[in-house]
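Asks: What follows is a single structure, and I will ask about it in a moment.
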Amino acid sequence: MYHRNFWTRPLVAIAFAISLSAPRAAVPHQLQVPFFQDDGGQMSNHLPTLGGAAAFIAVFNTRGEEITMYLVYSQEEPSGSVIMQQAVSYKLAAYEAVIFRPVKDDPVEGRGRAVPNVLPGLGANGSLQIIWIGGPEMASAISGRFRQISLSGDMGHVLL
């Protein structure tokens, strides 16, 4: 079931925990992947091998300093309730770009394989919040793009 504070709950928890040790000006910033499907197996000849779809999330650190991003995956169960995975972190080096798949480890990801995936067994569909903390100057510190590829075509969009 969709909860009114569904998107803000993990954001508030992370912000509160970090605010205890961060300067007062630090606030959470985020990018959203509202829906992904990643059930296509490994890529071969630019297509998923099992049919289905392959999801790719690209993030880029636009600043000259390391940024820790927190990934909060969520998925809807068949019953309609939402499972939110505990936030996992990944450090983006200064000006680093990384592309990763949210469910599968695929050799085409390269170093993106180090970015934590959704927990095993929770399915191949879901949503993702990418959260980082900083002052107002950090609002656009991470930019991102989403791309989903299937046998019937592909689509992509910028993450907002």
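Asks: Go through the range 25-47 and give me each residue that's more than 15 Å from SER140 (Cα to Cα), within 20 Å of the chain's Cα centre (by Cα) and assigned to a strand (DSSP E or B).
Replies: Matches in the range 25-47: VAL33, PRO34, PHE35, PHE36, GLN37, MET43.
Asks: Continuing with this model, one more query. Suppose we keep only residues that are in a loop (DSSP other than H, G, I, E, B) and among the β-branched types (Val, Ile, Thr) within the range 102-132. Which one would you say is modelled with the highest pLDDT? Write out each step before concluding.
Replies: If we filter the range 102-132 for residues that are in a loop (DSSP other than H, G, I, E, B), which is where we start, we get 102-106, 115-124.
Going one step further and asking which of them are among the β-branched types (Val, Ile, Thr), we end up with 103, 115, 118.
Working: VAL103: 92, VAL115: 95, VAL118: 90.
Only one residue fits best here, namely VAL115.
The rows are residues; the columns are (1) at positive phi; (2) surrounded by 14 or more Cβ atoms within 10 Å (Cβ to Cβ); (3) within 13 Å of the chain's Cα centre (by Cα); (4) among the hydrophobic types (A, V, I, L, M, F, W, C).
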| position | (1), (2), (3), (4) |
| --- | --- |
| ARG111 | no, no, no, no |
| VAL118 | no, yes, yes, yes |
| TRP132 | no, yes, yes, yes |
| PRO136 | no, no, no, no |
| SER143 | no, yes, yes, no |
| ARG147 | no, yes, yes, no |
| GLY153 | yes, no, no, no |
| GLY156 | no, no, no, no |
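Asks: Where residues in the range 79-101 are of a type outside the set (A, V, I, L, M) and part of a loop (DSSP other than H, G, I, E, B), which of them is nearest to GLY52 (Cα to Cα)?
Replies: Among those that are of a type outside the set (A, V, I, L, M) and part of a loop (DSSP other than H, G, I, E, B), it is ARG101.
Asks: Going by the conditions given, is ALA54 under 24 Å from GLU96 (Cβ atoms), buried (at least 16 other Cβ atoms within 10 Å of the Cβ) and touching a Ser or Thr at 6+ places or on another chain (Cβ under 8 Å)?
Replies: yes
Asks: While we're on this one: From the list TYR95, TYR90, pick out the single residue that is out of contact with any Pro (no Cβ under 6 Å at 6 or more places or on another chain), at positive phi and not charged (D, E, K, R).
Replies: TYR95
The values are calculated or read from the model by the stated rules, or taken from the named source; none is laboratory data. Everything numeric here is computed off the predicted structure, so don't read it as measured data. Note: ideal-geometry Cβ built from the backbone for every residue, glycine included; neighbour counts use all protein chains shown.
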